[in-house]
Amino acid sequence: MIIVLKPEVTKEQQIQFSEMLKENYDVKVNVWNGVHSTVLGLLGDTTQIDIEYIDAQDIVESVKRVQEPYKKANRKFHPENTVIDLGNGLKIGDGSLQIMAGPCSVESEEQIVEIAKSVKKSGATLLRGGAFKPRTSPYAFQGLKSQGLDLLKIARKETGLPIVTEIMRSSHIDMFESVDIIQVGARNMQNFELLKELGKIDKPILLKRGLSATIEEWLMSAEYIMAGGNSKVILCERGIRTYENFTRNTLDISAIPIVKKLSHLPVIVDPSHASGKSWLVEPLAMAAVAAGADGLIIEVHNDPPHALSDGAQSLTPEQFDRTAKKILNLKQSLNS
Ligand code: PEP
Ligand code: MN
């Protein structure tokens, strides 16, 4: 962190301020006395320092971070990749490619079990399905809620596929006890109270990128979960808002290698919500795999025109089968 002091600051004020920084934080302070101003260089762990607090001090002209504000999610402090072990030999982040597939919403036992069986046959390794749905309209289908969770568990029992589903409030954490991966949706990426509570449990969290979140904001949200003690965070790029409105969102392909460089956490990609169009799911999924994604989460529905949510972006089981084959072939050729 670089702090530029105002020109009129006395030597005594500068020493007092430097001492305060050393006493309160785990940092060393280097001082450069220029002709017109004094510059302090803070070395060490500056993640605990509130930059706005520094900026608000009378003697400070300006302040700039030179190190990322996140520590636990930072690759600098944890060079090896985080590998999340889901049991049954299923690992996320170990160089393999995990495919999560299933409907946007769980709608009935027949629907979820049928889709689970077919996506498994096609190569999916996890089952997705929303029980609590964050919908833009309060009049739209809000999900089957706890009954949806029960149906997901039935589908897991029938197929052996671990389940991924979205949580919307921390008071539901107990209800999600037997869910394999808890999803935090894009709209809740900065629900810090929820993130803090998820930091207290020992369960993998799939953290979707917010609709207009920067990469740093996204990693700071991961940091919230990790700061509480839960290091099992999987990041999910699901497209961001741009001026382009042909697609539902714009898939930020560059976020994959960027996040993998900045962080040790696994990164998966959701080409369904990124595009909003079923015919775009395959090319985006292929691009994500080529860019180094550790997994994909894809919406599949047995009757997309009648889906209760996100039908336009859902693949039919047949389309998913073809797409999954192409994706797995691509992954194999990248590995060889
Ligand atoms: C979903 O996965 O169905 C969903 C609502 O995703 P997102 O939070 O990325 O919009
Ligand atoms: Mn959806």
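Every number here is computed from the coordinates shown, using simple stated rules; none is lab data. Not measured: the values here are computed from a predicted model. A quick note on method: Cβ atoms are made from the backbone with ideal geometry, for glycine too, and the neighbour counts reach across all protein chains shown.
Couple of notes before you dig in:
- Considering only Gly34, Gly93, Gly228, the mean-square fluctuation computed in a Gaussian network model of the chain, springs between alpha carbons under 10 angstrom, is largest for Gly34.
- For Val60, the residues whose modelled amide H falls within less than 5 Å of its own, excluding neighbours fewer than 5 places apart on the same chain, are Lys6.
- Nitroxide proxy distance, nm - points 7 Å out along Cα→Cβ at Glu217 and Ile2: 2.6 nm
- Contact order, relative form, for the chain: 15 percent (alpha carbon pairs under 8 Å, 6 or more residues apart, mean separation divided by residue count).
- Relative to the longest principal axis of the Cα atoms of the chain, the long axis of helix 278-290 makes an angle of roughly 50 degrees.
- For GluC sites (Glu not before Pro), the sites in the range 244-336 that DSSP calls loop and that have at most 10 other Cβ atoms within 10 Å are Glu244.
- For the range 184-242, the Cβ-based charge dipole about the Cα centre amounts to some 220 debye (Lys, Arg positive; Asp, Glu negative; other atoms uncharged).
- Each Cα pair under 8 Å and six or more residues apart adds its separation to the average, and for the range 2-64 the resulting relative contact order is 45 percent.
- Taking the Cα centre of the chain as reference, the dipole from Cβ charges on Lys and Arg (+1) and Asp and Glu (-1) amounts to some 780 debye.
- Fluctuation leader among Val83, Val119, Val39 - the chain, Gaussian network, Cα springs under 10 angstrom: Val39
- Where chymotrypsin sites (Phe, Trp or Tyr not before Pro) fall in DSSP loop in the range 70-132, at most 13 other Cβ within 10 Å: none
- Residues His306, His172, His273 arranged by fewest to most Cβ contacts within 10 Å: His306, His172, His273
- Between the residues Leu21, Val9, Thr47, the greatest Cα displacement towards the positive end of the dipole of the range 2-64, with unit charges on the Cβ of Lys, Arg, Asp and Glu, is found for Val9.
- Helix 146-159 and the longest principal axis of the C-alpha atoms of the chain enclose an angle of approximately 70°.
- For Val35, Val289, Val269, order by how many other beta-carbon atoms lie within 10 Å, fewest first: Val35, Val289, Val269
- Cut-off under 5 Å, modelled amide H: who pairs with Thr38 long-range: Leu5
- Rounded to the nearest 10 degrees, the inclination of helix 11-24 to the longest alpha-carbon principal axis of the chain is 40 degrees.
- Mean residue ellipticity (222 nm) of the chain, computed from DSSP H runs ≥ 4 via -39,500 (n - 2.57), nearest 500: -10000 deg cm²/dmol
- Computed over the range 174-253, relative contact order equals 29 percent, with contacts defined as Cα pairs under 8 Å that lie 6+ residues apart.
- Loop trypsin sites (Lys or Arg not before Pro), the range 204-255, which have at most 11 other Cβ atoms in a 10 Å radius of their Cβ (DSSP): none
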